[in-house]
1. For residues that are open to solvent by 50 Å² or more (accessible area, probe 1.4 Å) and either on the phi > 0 side of the Ramachandran plot or in contact with a Gly (Cβ under 8 Å, 6 or more places away or on another chain) (or both), tally how many sit in the stretch 183-237.
2. Does the stretch 109-126 contain any residue that is within 16 Å of the ligand (Cβ to nearest atom) and within 16 Å of W360 (Cα to Cα)?
3. Looking at A134, is it more than 13 Å from G176 (Cβ to Cβ) and within 14 Å of the ligand (Cβ to nearest atom)?
4. Which condition from (1) closer than 24 Å to E86 by Cα; (2) surrounded by fewer than 24 Cβ atoms within 10 Å (Cβ to Cβ); (3) out of contact with any strand residue (DSSP E or B) (no Cβ under 6 Å at 6 or more places or on another chain) is the one that L135 breaks?
5. Does A212 satisfy being more than 15 Å from the ligand (Cβ to nearest atom), touching a strand residue (DSSP E or B) at 6+ places or on another chain (Cβ under 7 Å), assigned to a helix (DSSP H, G or I) and modelled with pLDDT of 95 or more?
6. Here are some residues: E198, E223, E232. Which one is more than 16 Å from the ligand (Cβ to nearest atom), charged (D, E, K, R), free of Cβ contacts under 8 Å to residues at least 40 places away in the same chain and closer than 27 Å to L249 by Cβ?
7. Does the stretch 145-173 hold any residues that are surrounded by fewer than 20 Cβ atoms within 10 Å (Cβ to Cβ) and part of a loop (DSSP other than H, G, I, E, B), and which are they?
Amino acid sequence: ATANIGVVGLAVMGSNLARNLASREGNTVAVYNRSRAKTDELLTEHPEAGFVPAFSYDEFAASLTVPRTAVIMVKAGAGTDAVIDELVKVFEPGDIIVDGGNALFTDTIRREKAVRDTGINFVGMGVSGGEEGALLGPSLMPGGSDESWVTLGPILRSIAAVAEGEPCVTHVGHDGAGHFVKMVHNGIEYADMQLIAEAYDLIRRGTGKTPAEIADVFAQWNEGELNSYLIEITAEVLRAQDAATGAPLVDVIVDQAGAKGTGGWTVQTAIDLGVPVSGIAEAVFARSVSSHPEQRAVAANLPGPVDELRVDDAEAFIEDVRLALFASKIVAYSQGFDEIRAGAAQYGWTIDLGAVAKIWRGGCIIRAQFLNRISDAYAEVPDLQVLLTAPYFVDALQRAQDAWRRIVAQAAAAGIPSPAFSSSLAYYDGLRADRLPAALIQGQRDFFGAHTYRRVDREGTFHTLWSGDRSEITAEDTH
Ligand code: 6PG
């Protein structure tokens, strides 16, 4: 046995992660793939990596030093279970199986439990950063046992992206915590992307600027507080020209956004946890709206407003959009962190929210300068109830709110869909409201279903005899 770590599954993500591992001092990497061809190809193309190839699970296990450590990089789902079953047969107590796929965290909890009975450690690990991240430095979100972290920690630290001198990896929490946090990362990713798309659309429709000109706007924004990977690549995409037609590439791409599911999981899970992640939900649903061409075709002639968006001062308008984007982004992250807090409470994980913000500063898709502000906020108040109430964000929202309101109002008046901008603002106003019309909803619920209500002036639970003399009784009397 010569390899200290192995990778199973040598598609792009797996082979890139294997190459990343092999490039770090002290690692020898065993590789295995279901079909031999992929393994041979990787070996031929990357002799410098010094891979130890295995062509059966027995060989794979034999090539690994103890505790054996293997990272599974296969498409999440049944394939993951199949690989785990095989590894469990050839591994021994104390060995470590890591799943680096985009697994649903409840699957990870189930798998961890099942594997734990064998004495083998199972670690669900979120890996973000796409193909390039896997090769050069991803953001890593491992869950699993403390025992596994002792072995995994140094290896993962060596391959993770580095942000301000710190590796973008932390032991997020036990069992499914890593995949949970990766799921929320993707939910925030969806929101961030939708917000950027809305900003682009408003600027284009409001100012008539070309995509290439808007690319310059994003490039400029990337120099300031919005600095992030997604803003940076937005400029690149907007600047791209279609070789065949010479048109802006964004104009020849079909306007139907796909999704592989993680954003939807974030929302489904949030609903189960009772956490309002409305900005993320709107981002998921905006993709769904876009992806129903048959519905869009029959709806295309629905009446819209007479007046189009009219912008007199393009520069001021663009600054308004920037502020609306920033404020909405704060809401999306605040909602995401809220979900992580609630998930941790529900599943019994101890998750350091500030550490999560830190490991998202590099390597991952949502990497952004702004995450420093989030880790600062949690450093100051570790059990912060609502992220956006931290002083830095209050100040930012104070600066942004007038612009944010103007943009949402202008978009609505001109019939330009801005679901993420407007739902974020509605969430913000709902959260800060003194009184909400929820009181009326409680009245309605009590009316038709005797669901009872509490009063602002007395302890207890009450019910009005709506179909009787409409006197109020304490709820105990209804039983
Ligand atoms: C990442 C990404 C990645 C994810 C796609 C899926 O963190 O590297 O989140 O894990 O596979 O971005 O997103 P879609 O649902 O849009 O396909």
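1. 1
2. For the stretch 109-126, residues within 16 Å of the ligand (Cβ to nearest atom) and within 16 Å of W360 (Cα to Cα): present.
3. In short, yes.
4. For L135, the failing item is (1).
5. On the way: more than 15 Å from the ligand (Cβ to nearest atom): yes; touching a strand residue (DSSP E or B) at 6+ places or on another chain (Cβ under 7 Å): yes; assigned to a helix (DSSP H, G or I): yes; modelled with pLDDT of 95 or more: yes.
In short, yes.
6. One residue alone meets the criteria, E223.
7. S145, E164, G165
The values are calculated or read from the model by the stated rules, or taken from the named source; none is laboratory data. None of the values given here were measured: they were computed from a predicted structure. FYI the Cβ positions are ideal-geometry reconstructions off the backbone, even for glycines, and counts take in every protein chain you see. All accessible areas refer to the heavy atoms of the entire protein, side chains included, with ligands and DNA or RNA removed. Shrake-Rupley method; radii C 1.70, N 1.55, O 1.52, S 1.80 Å.
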